[in-house]
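Asks: Just passing along the structure, written as structure tokens.
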Amino acid sequence: MSQTAVEAAESRPSLAIGALLERGTGFLLLLAVAAFAVWHLVATPAAFFTTMVVGLNQGALYALIALGYTLVYGIIELINFSHGDLFMLASVLSGFLMVSTFGATAATTGAFLALVATLVLAMLFGAALNTTAERVAYRRLRRAPKLAPLITAVGLSFVYQWGGIKSNGSGQRNWDTILGSSGFTVLNVKVPWSMIVVTAVTIPLLLGLNWVIQKTRQGKAMRATAQDQDAARLMGIDVDRTISLTFALGGAMAGAAGLLYLQTFGTTRYDAGFQLGLIAFTAAVLGGIGNLNGAVLGGVLIGLVQALNDRFGLGVAYSQTVVFTILILLMVFKPEGILGKPTTEKV
């Protein structure tokens, strides 16, 4: 007994030293990133702030897609890998609606009304398709081992890509946009209109989601279902309906992101959802998967890091390497994410 107590006491200093080293390493990394940003802020302030604007624009798009990932995972702990390709289909649909249906190719009053109508239709499309996928595929696998719905999500992403090839073609397709690259200049910093529109859509959607989840009866049902599905059923909650609503909200976020992506970049590709979906999932993990505010924070941070790296760092070719290196380091020092809470799983 005494030997065990002595060994335990002797092990405590080494654990404390290990934790101190981890925190010190993390602090040094943050300090290096901050020094890198401050250096370029002082050296080239106009270029730095222009880069920040680009990063915020990209980050807001990542955040919208990440919200769909984090919503579904927070309720049924499913990593819905088809979510990125759902976003891709929404971007293709938005192109056909804006250009082919409404003929909105220039910034006019009618074109902005068409933009609002397309936003609503794209969100409805994403919600309907995501809900249908949940009803047809995921619901039947709810009691199955976790690997089964995960593989189903991967398979569904290939189905969505097939739909993208049939509707968009196998190459990149260019579309006329009403926002384009135009904008205004403030203190030698160009601010594109696309960033204003993306931010003006992302912030209300995030606030609306928080209000639904925190203040409404259905939001309470979602939180109860996330905590314990069986107990939620005993309390009279329709778990199937609640999960379907969660998928609908996530799909609506992907639909909104699809339209905004189209108006920002003016292109669509059948495989665009893979890369952006992966980055958005990384954003959700970075911010704390299951946390709405964390998904937005993670998306914005990744957008800023990418923009800084593309302009001042290693270049566009190494953007993904830089992003995932940061994610790996964060997972080592803070596995639950920036705003996530540590959890323990019973065995």
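The values are calculated or read from the model by the stated rules, or taken from the named source; none is laboratory data. Predicted model only: the values in this text are computed from it and were never measured. A quick note on method: Cβ atoms are made from the backbone with ideal geometry, for glycine too, and the neighbour counts reach across all protein chains shown. Please note that ligands, DNA and RNA were not included when accessible areas were found on the heavy atoms of the full protein model with its side chains. Shrake-Rupley method; radii C 1.70, N 1.55, O 1.52, S 1.80 Å.
Asks: Can you list the residues, at least 5 places off or on another chain, whose amide H is less than 5 Å from the amide H of Gly183, using H built in the peptide plane?
Replies: Excluding prolines and chain starts, which carry no amide H, the hits are Trp193.
Asks: So what are the ³J(HN,Hα) numbers for region 301-313, from phi and the Karplus equation (6.51, -1.76, 1.60; θ = phi - 60°), rounded to whole Hz, Gly and Pro as x?
Replies: 5, 5, x, 5, 5, 4, 5, 5, 5, 5, 8, 10, x
Asks: Moving to a separate point now. Quick check: with the 1.4 Å probe, what order do Ile165, Ile302 take by accessible area, largest first?
Replies: If we order Ile165, Ile302 from most to least accessible, we get Ile165, Ile302.
Asks: Search the structure for amide H atoms under 5 Å from the amide H of Asp271, placed 1.01 Å from N in the peptide plane, and list their residues when 5 or more places away or on another chain.
Replies: none
Asks: R0 = 25 Å: FRET efficiency of Arg217 with Val136, Cβ-based, nearest 0.05?
Replies: Once rounded, the FRET efficiency stands at 0.40.
Asks: At 222 nm, what value in deg cm²/dmol follows for the chain if DSSP H runs of at least 4 each add -39500 (n - 2.57) and the sum is divided by all its residues, to the nearest 500?
Replies: So the calculated ellipticity at 222 nm is -25500 deg cm²/dmol.
Asks: Here's another thing I want to ask about it. Order the peptides 183-194, 93-104 from the highest to the lowest mean number of other Cβ atoms within 10 Å of their residues.
Replies: By packing density, highest mean first, the sequence is 93-104, 183-194.
Asks: Over the chain, average the accessible area per residue using a 1.4 Å probe and give it in Å², no decimals.
Replies: I get 52 Å² per residue for this part.
Asks: Quick one: Karplus J couplings for region 71-81, per residue in order, coefficients 6.51, -1.76, 1.60, θ = phi - 60°, nearest Hz, x for Gly and Pro?
Replies: Result, ordered by residue: 5, 5, 5, x, 8, 10, 6, 10, 8, 7, 5 Hz.
Asks: Apply the Karplus parameterisation 6.51 cos²θ - 1.76 cosθ + 1.60, with θ equal to phi minus 60°, to every residue of region 164-173 and state each ³J(HN,Hα) to the nearest whole Hz, in sequence, with x for glycine and proline.
Replies: Whole-Hz 3J(HN,Hα) from phi for region 164-173: x, 5, 5, 8, 10, x, 8, x, 6, 10.
Asks: How much accessible surface area, in Å² rounded to 10, belongs to the heavy atoms of Trp211 with a 1.4 Å probe?
Replies: For Trp211, the solvent-accessible surface is approximately 150 Å².
Asks: At Ala144 and Ala43, where each label point lies 7 Å from the Cα along Cα→Cβ, what is the point-to-point distance in nanometres?
Replies: Spacing of the two 7 Å Cα→Cβ label points: 5.3 nm.
Asks: Further, regarding this structure: Round to the nearest 0.05 the FRET efficiency obtained for Val159 and Phe36 when R0 = 45 Å and r is the Cβ-Cβ distance.
Replies: 0.60
Asks: Starting from the Cα coordinates of region 79-147, work out the convex hull volume and express it per residue in Å³.
Replies: Taking the convex hull of the Cα positions in region 79-147, it is 80 Å³ per residue.
Asks: May I ask you to give the percent of accessible area on the chain that is carbon plus sulfur, with a probe radius of 1.4 Å?
Replies: Looking at the chain in its full context, I get 67 percent from C and S.
Asks: Sort 202-209, 331-338 for me by packing, meaning the mean count of neighbouring Cβ atoms within 10 Å per residue, highest on top.
Replies: Most protected by this proxy first, the peptides run 202-209, 331-338.
Asks: On to the next question. Would you please put 265-273, 226-234 in order of how densely packed they are, using the mean number of other Cβ atoms within 10 angstrom per residue and starting with the highest?
Replies: Peptide ranking by packing, descending: 265-273, 226-234.
Asks: What's log10 of I(q)/I(0) for the chain at q = 0.13, 0.14, 0.15 Å⁻¹, Debye sum over Cα points only, no solvent?
Replies: -1.04, -1.17, -1.30
Asks: In whole Å, how far is the Cα centre of region 123-143 from that of region 234-266?
Replies: The two parts, judged by their Cα centres, are 10 Å apart.
Asks: Could you list which residues have their amide H under 5 Å from that of Leu78, counting only those 5 or more apart in sequence or on another chain, with H placed in the peptide plane?
Replies: Amide H neighbours of Leu78: Tyr73.
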